[in-house]
């Protein structure tokens, strides 16, 4: 499908806005469509104006290239502050909408959330990987609740995004993106938290987060596992949602066994 | 310390218990307990022996329990409403040195020869031995052994020490603003063989020197009469009792004297909460606790009532929500409720394996319940871990599906359980009591639930199995 008409939103109040011009972004969009067989579905679900939270699955570093460049509007996301120290990324990443956040402080997650809220409150699109980090197993993992909490806080809908093909384009630890491969990006219908439970009830956040993952699984075709990414496969580098926090664990009773329930073939 | 001293600390002329037409003072209870201590000593019962108390909500339950505690023994409350076969099974499990019999348990005497255990009639027993003093016990010495089959199946016997029960009693009386006080008049309708009725209501009321109006068997009109007549200030009930109270057309002012309304043992339906508030002016406070935690873990006392929440952790309780591996959940996320504190039990009697599944060496008790905190630390319960259904990897909590199905006008009762599925691992199966058809319910569920949460099978039953506490008994439908 041809690249849709693109709206380059100016947001002077947001850091990173001044990096690269709309012409640069347009050029990148054309380049992506030329180098890869990019199939985009569900663009009609993206609102022409107003805030929304894009929630894609996360398999490869290049997800942060394909999803933003598939959108008809500019989208913002949180990225590591360290990217601004590297000449290779300091101009390119903000062009994709990355807002650098210094995550060395103790309240990094809160800073990231506050920054995201600023984006949404300004009526813009914001992208966050609900799994918190890349899945090395290929499965879709349990969501962190940040996206759902953001949706609640800013009254912004979540748009589930499922993509495939990005892992082949850029496998883990590869710097170069292999051209010529097919990549599919599918956008689902906007999900509003109030349709999934009483927003005033704190139980609704986890429920909503799980139901978003179900929709992502439908779009990406991945098998869902109810563990956090990085917990049952190779520990992964954190990405846009904040560094993992080392928390003291509660001891587990020695006799406790949690045999996994019967295996299943996949989503029905 | 010894919990048996709790009834001796008050003015002996104060009325402790009202049982029908008769009132019993703290002094009379103390005397009866002392006499029964002598009887127990006469029969060779001493420290750490196990003593069954087969009595209902009656003064003899208190006297017999205090007597057994007083000689240092461990008390096992036994329901006199249990059939003989059930009692025999329980006696075989606990092998008591003696069983003290109250009025409600009197029927057992005709079967005495078949039980192989020493039965003592608590009403008629006499002794010429001078009453022995109350034995000093350590906080860790076991006081009560509670038979708790819960709703999960095999009976377990939870061992609670003097220190455990003492801590929980303090947490809801002297250590919390608006807790139970000597001026309170408590309705004793909840069964004393259940930890809620025993510790949160009966023993805590006795500890503070309050008056308890006993109701031997809960009855709607009878309980309302007691509330009116005795100007009850503390009204505690399980959700089925609150439902009946909420539906009644009780005369205006019936509940005016009630200053504390407590619900526990199972989730209080929101319509019951609303009806009690709107029709009777009573704001019911939900609390949360388990037998293994000496009753109370959370309370709304000293805080505010937030509909749907069971309140905040009581003083002395550390409460954490964790993932399966023991790591704390992210703020605002749900997880298994794990607790530590002075009220946590000492394990299951003769069952180290089961104990090892829930209790760690450093004192953390894994409750098996899933909950979530709001930003102020108020706890909201989600469901039982064991009841979780996993469909294509996704968690489905039966309570959520049941609550949706119950909103259908053709559904009077609903229980959801998991069934095996080759495609999805498990599948959601609904058992329905009501007039709705499977097609109607399927359409309704699809409208209100995400696809993986929708039942794939509907079975229609005449009656949904519910425990007296209001908990659904899912195992009968699995």
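Using only alpha carbon pairs under 8 Å that are at least six residues apart, calculate the relative contact order of region A:22-225 and give it in whole percent. About 30 percent, as a whole number. Helix B:26-42 and the longest principal axis of the Cα set of chain B meet at an angle near 80°.
Residue by residue along B:317-325, Cβ atoms of other protein chains within 10 Å of the local Cβ number 3 on average.
Let me know the shape class of region B:388-477, please: from the alpha-carbon gyration tensor, a ≥ b ≥ c as square roots of the eigenvalues, rounded when a/c is under 1.5, otherwise prolate if a/b is greater than b/c, or oblate.
On the way: a/c = 1.74, a/b = 1.22, b/c = 1.43.
It comes out oblate by the Cα gyration axes.
Packing order of peptides B:24-32, A:169-177, highest average first: B:24-32, A:169-177 (average count of other Cβ atoms within 10 Å over each peptide's residues).
Shielding by partners for peptide B:384-394, expressed as the average number of C-beta atoms from other protein chains within 10 Å of each residue's C-beta, is 5. Structural descriptor for chain B: relative contact order 11 percent, calculated from alpha carbon pairs under 8 angstrom and at least 6 residues apart. Take each residue of peptide A:199-210, count the partner chain Cβ atoms within 10 Å of its Cβ, and average: the result is 6. The long axis of helix B:438-448 is offset from the longest Cα principal axis of chain B by roughly 90 degrees. The label-point distance for residue A:168 and residue B:437, in a model that sets each label 7 Å from Cα toward Cβ, rounds to 4.8 nm. Taking Cα atoms only, the orientation of helix B:84-94 departs from the longest principal axis of chain B by about 80 degrees. Sorted fewest first by neighbouring Cβ atoms within 10 angstrom, B:19, A:102, B:383 come out as A:102, B:19, B:383.
Hey, how much of the P(r) for region B:156-312 falls beyond 27 Å, as a percent of Cα pairs? All intermediate terms of the calculation are to be shown ahead of the outcome.
Values: 1886 of 12246 pairs.
Roughly 15 percent, rounded to a whole number.
Label reach from residue A:153 (point 7 Å along Cα→C-beta): in region A:53-81, amide nitrogens under 13 Å belong to A:78.
Suppose we keep just the DSSP beta bridges with both residues in the protein assembly as shown; what percent of those would be antiparallel, to 5? Spell out each step's value before the answer.
Numbers: 53 of 106 bridges.
Bridges in the protein assembly as shown are about 50 percent antiparallel.
For region B:403-433 and region A:41-56, write down the distance between their C-alpha centroids in whole Å. So the separation of the two Cα centres works out to 34 Å.
How big is the gap, in Å, between the Cα center of region B:125-187 and the Cα center of region B:290-368? Measuring centre to centre over Cα atoms gives 19 Å.
Find the relative contact order for region B:388-477 and round it to a whole percent, using C-alpha pairs within less than 8 Å whose residues are 6+ positions apart.
Numbers: 158 pairs, mean separation 25.5, N = 90.
Computed over region B:388-477, the figure is 28 percent.
Calculated on C-alpha atoms, the gyration radius of region B:236-372 divided by its Kirkwood radius gives an Rg/Rh of 1.05. May I ask what percent, to the nearest 5, of DSSP beta bridges between residues of region A:22-225 are antiparallel? Of the beta bridges lying entirely in region A:22-225, close to 20 percent run antiparallel.
Simple spin-label estimate for residue B:124 and residue A:45 gives 7.8 nm between the two label positions (7 Å along the Cα-to-Cβ direction from each Cα).
Could you work out the Kirkwood radius for region A:22-225, taking every pair of different alpha carbons, averaging 1/r and inverting it, reported in Å?
Details: mean 1/r = 0.0582 Å⁻¹.
Hydrodynamic radius (Kirkwood, Cα pairs) of region A:22-225 is 17.2 Å.
A protection proxy built from the mean count of other Cβ atoms within 10 Å ranks the segments B:282-293, B:325-336, A:188-199, most packed first, as B:282-293, B:325-336, A:188-199.
Under the classification rounded if a/c is under 1.5, otherwise prolate if a/b is larger than b/c and oblate if not, where does the protein assembly as shown fall, given a ≥ b ≥ c as square roots of the Cα gyration tensor eigenvalues?
prolate
Neighbour counting of Cβ atoms within 10 Å sorts the residues A:125, A:167, fewest neighbours leading, into A:167, A:125.
Every read-out reported here was derived from the displayed coordinates using simple, explicitly stated rules and does not represent laboratory data. Predicted model, so just to flag it, every value in this text is computed and none were measured. We place every Cβ from the backbone using ideal geometry, glycine too, and count neighbours over all the protein chains shown.
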